[in-house]
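Okay, so here's the structure we're looking at.
The values are calculated or read from the model by the stated rules, or taken from the named source; none is laboratory data. Quick caveat, the model's predicted, so the values are computed rather than measured. Cβ coordinates were reconstructed from backbone atoms using ideal geometry, including for glycine residues, and neighbour counts include every protein chain displayed. The protein model used for the area step is the full one, side chains on, heavy atoms only, and it has no ligands, DNA or RNA in it. Shrake-Rupley method; radii C 1.70, N 1.55, O 1.52, S 1.80 Å.
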Amino acid sequence: MKHAMRILLVRVGADQSPAGGGYNGPVDTSTNQFVYVGIPELHPLHRGYERRYGSTRLTAELARMGTCIPPGLLGRCMHTDPDFEHATYGDHGRRAAQLKRLARGDVLVFYAGLRDVRRSGLVYALIGQLTLDQSMPANRIADPLLNVHAQRRRVDPDDWVLIGTRRGSGRYDRCIPVGEFRDGAYRVKRALLRTWGGLSVKDGFLQRSGGFPHFIEPDRFLGWLAAQRVRLVRRNF
């Protein structure tokens, strides 16, 4: 029997919550150029794998956007997940259980709440994707460089990592705004929900939840995404 493709919508990136670092990556809404900034890493990593918020590459990208990392984050390590450079994504608990059910060719579409550098407010936008090639526990990854969940000094046996295909995975060269604030929360724009054929979450809810919503009609979403003509970039910043 042919596998029915599944596409999950996955929220990532730093945000205003305590676990999210109290910071949102920037976006310039005149061009939709953005900087992907991960949440803080809460677990000790093996020496040499730390990616700090104060890294030259990240601070240079932010400076080009006219912003910078808050002083309280500068010395901390970042949880770069997804890792667009290595086309991987890891998670644990209920979300890991969803990842384990995916098959080769299924897709994760990543979105983030970004801070507009031109006017006040957040922009909820799609920022990248991973097309699944391999799936495995984090403690079975041979090269820890591939994903931060495998770089921890103590790897949780429940952590699960997806490895993406080279041609179908990466950060978008520009983000695709999809959200609006209505009915007390950020949600996918109503017109987009109709175009996509709907999401499994009520009324396009985009704020954090315990699981990943999925696209009801994956082919309709993929047709829309192809029309956006974004390019996949194998770099984090």
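List of remarks:
- Rounded if a/c under 1.5, otherwise prolate or oblate - the chain, Cα gyration tensor axes: oblate
- Dipole of the chain [Lys/Arg +1, Asp/Glu -1 at C-beta], most positive-end residue of L145, I176, H43: I176
- Loop-located chymotrypsin sites (Phe, Trp or Tyr not before Pro) in the range 1-57, at most 16 other Cβ atoms within 10 Å (DSSP): Y49
- Percent breakdown of C-alpha pair distances by 10 Å bin, ordered from the shortest bin, for the range 150-237: 13, 34, 36, 15, 2
- Rounded to whole Hz, the Karplus (6.51, -1.76, 1.60) HN-Hα couplings of the range 225-232, x for glycine and proline: 4, 4, 5, 6, 6, 7, 9, 8
- Within the chain, helix-based [θ] at 222 nm, where runs of 4 or more DSSP H residues each add -39,500 (n - 2.57), nearest 500: -4000 deg cm²/dmol
- Comparing F212, T195, A19 along the charge dipole axis of the chain, the residue lying farthest to the positive side is T195, per the Cβ-charge model.
- Accessible surface computed residue by residue for the chain, with neighbouring protein chains in place and a 1.4 Å probe, gives 49 Å² per residue.
- Net charge of neighbours whose Cβ lies under 14 Å from the Cβ of L62, counting Lys and Arg as +1 and Asp and Glu as -1: +2
- Dipole magnitude for the range 83-237: computed about the Cα centre from +1 point charges on Lys and Arg Cβ and -1 point charges on Asp and Glu Cβ, it is near 360 debye.
- From the alpha carbon centroid of the range 61-137 to that of the range 168-213 is 15 Å.
- Rounded, prolate or oblate (a/c below 1.5 giving rounded, otherwise prolate when a/b exceeds b/c) for the range 95-146 by Cα gyration tensor: prolate
- With K and R counted +1 and D and E -1, the other residues having a Cβ less than 15 Å from that of D183 yield a net charge of +3.
- Under 5 Å, built H, 5+ apart or other chain: amide partners of R174: R231
- Accessible surface of the range 7-117, 1.4 Å probe, proportion on carbon and sulfur as whole %: 52
- Across the range 155-237, the mean sequence separation of Cα contacts (distance under 8 Å, 6 or more residues apart), normalised by length, yields a relative contact order of 34 percent.
- The region of the chain that goes longest without hitting one of the GluC sites (Glu not before Pro) in a DSSP loop, each with at most 16 other Cβ atoms within 10 Å, is 86-237.
- Neighbours of L132, meaning other residues whose beta-carbon lies under 10 angstrom from its beta-carbon, give a summed charge of 0 when Lys and Arg score +1 and Asp and Glu score -1.
- Residue-by-residue Karplus 3J(HN,Hα) for the range 59-76, coefficients 6.51, -1.76, 1.60, Hz, glycine and proline x: 5, 5, 4, 5, 4, 5, 8, x, 9, 7, 6, x, x, x, 9, 4, x, 8
- Proximity of backbone amide H atoms, modeled 1.01 Å from N, is registered between D159 and A138 at under 5 Å, excluding neighbours fewer than 5 places apart on the same chain.
- Cα gyration tensor category, rounded, prolate or oblate, for the range 1-113 with a/c compared to 1.5: prolate
- Inverting the pair-averaged 1/r between distinct Cα atoms of the range 94-191 gives 15.6 Å as its Kirkwood hydrodynamic radius.
- The HN-Hα couplings worked out from phi for the range 217-223 by the Karplus form 6.51 cos²θ - 1.76 cosθ + 1.60 (θ = phi - 60°) are 10, x, 5, 5, 5, 4, x Hz, whole numbers, x standing for Gly and Pro.
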